[in-house]
Structure formats: C-alpha cells, structure tokens
1. Any idea which residue in the stretch 46-61 is least open to solvent (accessible area, probe 1.4 Å), counting only those that are in a loop (DSSP other than H, G, I, E, B) and within 19 Å of Val17 (Cβ to Cβ)?
2. Do we find a residue being open to solvent by 90 Å² or more (accessible area, probe 1.4 Å) and free of Cβ contacts under 8 Å to residues at least 24 places away in the same chain anywhere in the stretch 11-28?
3. Quick check, is Arg35 assigned to a loop (DSSP other than H, G, I, E, B) and basic (Lys, Arg)?
4. Out of the residues in the stretch 31-45 that are open to solvent by 70 Å² or more (accessible area, probe 1.4 Å) and touching a Leu at 6+ places or on another chain (Cβ under 8 Å), which is nearest to Pro21 (Cα to Cα)?
5. Scan the stretch 54-67 and tell me whether some residue there is more than 17 Å from the chain's Cα centre (by Cα), among the aromatic types (Phe, Trp, Tyr) and at pLDDT below 95.
6. Taking the condition of being free of Cβ contacts under 8 Å to residues at least 40 places away in the same chain and loosely packed, with under 10 Cβ neighbours inside 10 Å, how many residues in the stretch 65-77 meet it?
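The values are calculated or read from the model by the stated rules, or taken from the named source; none is laboratory data. Please read these numbers as outputs of a predicted model, since none were measured by experiment. Every residue, glycine as well, gets a Cβ built from its backbone with ideal geometry; the counts of neighbours run over all protein chains shown. Quick note on the areas: whole protein, heavy atoms, side chains included, nothing else; ligands and nucleic acids left out. Shrake-Rupley method; radii C 1.70, N 1.55, O 1.52, S 1.80 Å.
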Amino acid sequence: AGQLRWGRRTHARVLGVLKNPCYAGAYVHGRYTSRRTIEPDGTVRTGLLERPRAEWPVLIKDHHEGYVTWADYLAHEGRLAANQT
C-alpha cells in the first residue's frame, strides 16, 4: 500500500526488465494474448502467448523517457536471443 519493496535480483527479473519495451521508453498494448486449450480429460487451460512485434496492436516509441534508446533496446534484444541456449 504505497510502500516500495525490493526483492532479490534474479536472472528472471533482470530478463523481465531488459525485454520490456517500457525500458526503452515505449508504450505497448497487446504484447501478449491469451490462449485456451482443452485437455483430453476436459480440463480447460489458459495461458499467455507473446505475440511477434509486428502483431502488437499498439507500439508508441519515445512515449516517455527510457533508460536506453530504441536502437539500443533492439541491439540488447538481439544479443539476448543470440545468447539463449
């Protein structure tokens, strides 16, 4: 309730920041979409799928001041993809 709480720096948290377009000053809506599947036993499962950038309904670059430029963000994204094992 209005308090800032710091958590441990983890690999997942760092990647979450670096992969977020907000880090580069962009506003995005529709980056993820939900998908429902029905298992053979009738169980309904809902999951989130990340859309390709070309399919994001809203992308406003330079919406606010970012920590890095959009070009740097794309370069970081490329490096992260190349380092993925």
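1. Trp56
2. The answer is yes; a qualifying residue exists.
3. no
4. Tyr32
5. The answer is no; no qualifying residue exists.
6. Count: 1.
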